[in-house]
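The values are calculated or read from the model by the stated rules, or taken from the named source; none is laboratory data. These numbers come from a predicted model, not from an experiment. Cβ sites come from the backbone with ideal geometry, for glycine too, and all protein chains shown count toward neighbours. Just so you know, the surface numbers come from the protein's heavy atoms only, side chains and all, with ligands and any DNA or RNA stripped out. Shrake-Rupley method; radii C 1.70, N 1.55, O 1.52, S 1.80 Å.
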Amino acid sequence: MTEKSQNNEVYPKLTENDSEKGAGVDEKPPAYEKTHGKLFGEVADWNLVMKAADFAARRHRHQKRKDNVTPYINHPLGVAYILTSEANVFDPVTLASAVLHDVVEDTKTTLEEILAEFGQEVHDVVKECSDDKTLPKAERKQLQIQNSGKHSHRAKLVHLADKLYNLRDLERKTPIGWDKKRVNEYFQWSRLVIGEMKGTNSALECALDDVINRRNL
Ligand SMILES: Nc1nc2c(ncn2[C@@H]2O[C@H](COP(=O)(O)OP(=O)(O)O)[C@@H](OP(=O)(O)OP(=O)(O)O)[C@H]2O)c(=O)[nH]1
């Protein structure tokens, strides 16, 4: 069902850029300026999280997961849902950051934009959760092991839920081009990253132990 605003405009408004291929920064959702900073309490919290979901969906709109079928947005939304449903995390900054955690790393979205649209706290968590894709892969992977233990509590929660989602995804389906060895390497590397964040959230850590133990590495 399409929703119509009071002046009968269909939301979301289609733009010329909707037909474009690839992730971009061209889509400026219409009402952000109107709502930013003008809501209070619970309403503002809900708005922050829903705005993050809307923003991430737009920015990831042409991307697929590595099975080349699943829309990429399933991942960040699933990470946020792990936080609410399994980790008992309802902090709006953490949830908004979870939904946004890959927009800087994997689309043309900049940290400056995240700061302007979502504020300092979300910016800081997204920054902590973003790999620098200009670095060689081996260095990026090593940096995650080195840095994850120094993250803020919010960033650790997002990072743990992110790894849990990815490891469960690997149990469900193997990304195109990955063999058993590559999957096992991702599990082994994830175990090292997760090990640096011990004591963050017991539900997430137990669920991660379960998924890693099931692999019988
Ligand atoms: N399991 C799985 N992973 C997929 C899939 N599609 C994309 N990914 C992403 O691929 C990354 C793992 O692939 P790698 O080859 O090891 O790393 P790279 O893409 O960063 O170079 C994960 O990123 P990460 O750095 O671990 O975390 P993040 O980018 O999600 O924050 C994961 O999010 C998929 O279908 N299944």
Item to check | Of all residues in segment 164-183 being more than 13 Å from Val211 (Cβ to Cβ) and part of a helix (DSSP H, G or I), the one that is nearest to the ligand (Cβ to nearest atom) | outcome: Arg182
Next on the checklist: Just to be sure before I move on: is Thr200 in contact with a helix residue (DSSP H, G or I) (Cβ under 9 Å, 6 or more places away or on another chain), touching a residue at least 24 places away in the same chain (Cβ under 8 Å), among the polar types (S, T, N, Q) and closer than 24 Å to Ile73 by Cβ in the structure I sent?
Outcome noted: no
Checklist entry - Is it the case that some residue within segment 109-127 is modelled with pLDDT of 95 or more and within 11 Å of the ligand (Cβ to nearest atom)? => result yes
Checklist entry - Quick one: would you say Ala161 is buried (at least 17 other Cβ atoms within 10 Å of the Cβ), more than 12 Å from the ligand (Cβ to nearest atom) and part of a helix (DSSP H, G or I)? => result no
Next on the checklist: Considering only residues that are open to solvent by 40 Å² or more (accessible area, probe 1.4 Å) and in a loop (DSSP other than H, G, I, E, B), which ones fall in segment 74-100?
Outcome noted: Glu86, Asn88, Phe90, Asp91
Checklist entry - Among the residues of segment 101-135 satisfying the criterion of being outside any helix (DSSP H, G or I) and open to solvent by 80 Å² or more (accessible area, probe 1.4 Å), which is nearest to Ala52 (Cα to Cα)? => result Lys108
Checklist outcome for this item: Residue pairs within 8 Å by beta carbon, gap of at least six or interchain, first lying in segment 47-64 and without any contact (Cβ under 8 Å) to a residue 40 or more places away in the chain, second among the hydroxyl-bearing types (Ser, Thr, Tyr), listed first then second, are Asn47/Thr35; Lys64/Thr70; Lys64/Tyr72
Checklist entry - Within segment 137-150, is even one residue under 16 Å from Arg65 (Cα atoms) and either assigned to a helix (DSSP H, G or I) or more than 8 Å from the ligand (Cβ to nearest atom) (or both)? => result no
Checklist entry - For segment 165-215, what are the residues that are surrounded by fewer than 16 Cβ atoms within 10 Å (Cβ to Cβ) and of a type in the set (Ser, Thr, Tyr)? => result Thr174, Ser202
Next on the checklist: I'd like to verify a number: residues in segment 136-158 that are open to solvent by less than 40 Å² (accessible area, probe 1.4 Å) and hydrophobic (A, V, I, L, M, F, W, C), how many?
Outcome noted: 4
Next on the checklist: Every residue in segment 186-206 that is farther than 22 Å from Leu95 by Cα and either within 16 Å of the chain's Cα centre (by Cα) or near the ligand (Cβ under 8 Å from one of its atoms) (or both), please.
Outcome noted: Tyr186, Trp189
